[in-house]
Each structure stands twice: as structure tokens, then as C-alpha cells.
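J.: Following this message is one structure expressed as C-alpha cells.
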Amino acid sequence: EDYYAFTLWRIAQRIVSSTVSVFGTQSLLLALGVKTHKVGAAAASGWVVANAIGKFSKMSFAAGWGRDFDSDAKRWRFRAALMWVFANGMEILVYVVHNSAPRSFVFLVALSVSLKQISILTSSATRGTFYKQFAGQNENLGDITAKGDAQVLSTPP
């Protein structure tokens, strides 16, 4: 019973997250000038810097908060979903403000990538807690994990 409620919530969350992610990525590409063929080395290097900052943020977050994930997995999972949506909203904001504040591009992208990296980390770190609970004592944790991951893959992007 708990598993089906969790599965329905995950499907809805994946649909919303995937849809918002598409809009966010499209906004970043438009802000870079992909449509107008203005992509340059500066934009590419800015993207690399933003991704490096995102990876560092993910490591720092794991070091600071990783021990708390198991004790309150539901809350951390919800926070991860909120971070993901907020990060995609920031990507859309980049497109909105890129002409009036071009210097904010790297900062906003770095912040967005950081939030996405932290969201992915938090989601994957708490997933095991949920699967362990669903598996109980008589179930195979590997089977539950495989089915959960398959459901993520079957959700439309």
C-alpha cells in the first residue's frame, strides 16, 4: 500500500520535473544564443566553470548534510524535488535576464547546476531508505530497487 502511493507520487514528480527541465535547458541554450548562432568560447568556458562549481557544491553538501538523510528521508526527498524545480526555474530566469544582465549568466547557471547536483545527490541518497522499508524482511532489496529504477525510466521525459 505504501509502495503504490510512493510510486504514484514519484511518477507525478518525474513528469513535472522532466517537463520543467526541458524548459530550463531550452532557456539556457537560447540565452547562449544557440538560435542566433552566437555561441562562443566565453560561453563554453562559463559553462565549464558553472559545472565545476556545481560538482564542488555537491561534494560540500554531502560532507555537511549526508549524515542526516536517513533520519528524515521523506523531508530530504521533498527538499530534493523542490531544489530541482527551483533550479530549472533559475535556468528560465537566465533566459529572461540574459540581455539586461549578461554578467549574471555564469553565476545563475552555477547556482542552478549546484542545486541540480545537490538534488540528484539527495534523491539518490534517500532512495535506499525508502526501498529498504518497502522491501521489509521477506523481500529482495535488489528487486525493489530494479523495479523502482525501471519505473523512472518508463516515465515520459
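The values are calculated or read from the model by the stated rules, or taken from the named source; none is laboratory data. Not measured: the values here are computed from a predicted model. Using ideal geometry, Cβ is built from the backbone for each residue, glycine included, and neighbour counts are taken over all protein chains shown. The area values use the complete protein model at the heavy-atom level, side chains included, leaving out ligands, DNA and RNA. Shrake-Rupley method; radii C 1.70, N 1.55, O 1.52, S 1.80 Å.
J.: Give the stretch 1-12 a look and list any residue that's open to solvent by 40 Å² or more (accessible area, probe 1.4 Å) and in contact (Cβ under 8 Å) with a residue 12 or more places away in the chain, or say none.
T.: Asp2, Tyr3, Ile11
J.: Hey, another quick one. Is there a residue being at pLDDT below 80, small (Gly, Ala, Ser) and open to solvent by 30 Å² or more (accessible area, probe 1.4 Å) anywhere in the stretch 128-144?
T.: For the stretch 128-144, residues at pLDDT below 80, small (Gly, Ala, Ser) and open to solvent by 30 Å² or more (accessible area, probe 1.4 Å): present.
J.: Something else now. Which one of these does Asn88 not meet: (1) more than 18 Å from Arg14 (Cα to Cα); (2) touching a Gly at 6+ places or on another chain (Cβ under 7 Å)?
T.: Among (1) more than 18 Å from Arg14 (Cα to Cα); (2) touching a Gly at 6+ places or on another chain (Cβ under 7 Å), the lone unmet condition for Asn88 is (1).
J.: I've got another one for you. Looking at Ser114, Ser124, Ser100, can you tell me which residue is without any contact (Cβ under 8 Å) to a residue 24 or more places away in the chain, more than 24 Å from Asp149 (Cβ to Cβ) and not aliphatic (A, V, I, L, M)?
T.: Criteria check complete, one pass: Ser100.
J.: Scan the stretch 73-104 for residues that are touching a Leu at 6+ places or on another chain (Cβ under 9 Å), assigned to a loop (DSSP other than H, G, I, E, B) and not aliphatic (A, V, I, L, M) and jot them down.
T.: Across the stretch 73-104, the qualifying residue is only His98.
J.: Hey, does the stretch 39-46 have a residue that's of a type in the set (A, V, I, L, M), open to solvent by 70 Å² or more (accessible area, probe 1.4 Å) and at pLDDT 80 or above?
T.: No, that holds for no residue.
J.: Return yes or no: is Ser124 outside any helix (DSSP H, G or I) and open to solvent by 40 Å² or more (accessible area, probe 1.4 Å)?
T.: no
J.: Residues of the stretch 60-100 being crowded, with 18+ Cβ neighbours inside 10 Å and among the acidic types (Asp, Glu), which ones?
T.: The answer is Glu91, and nothing else.
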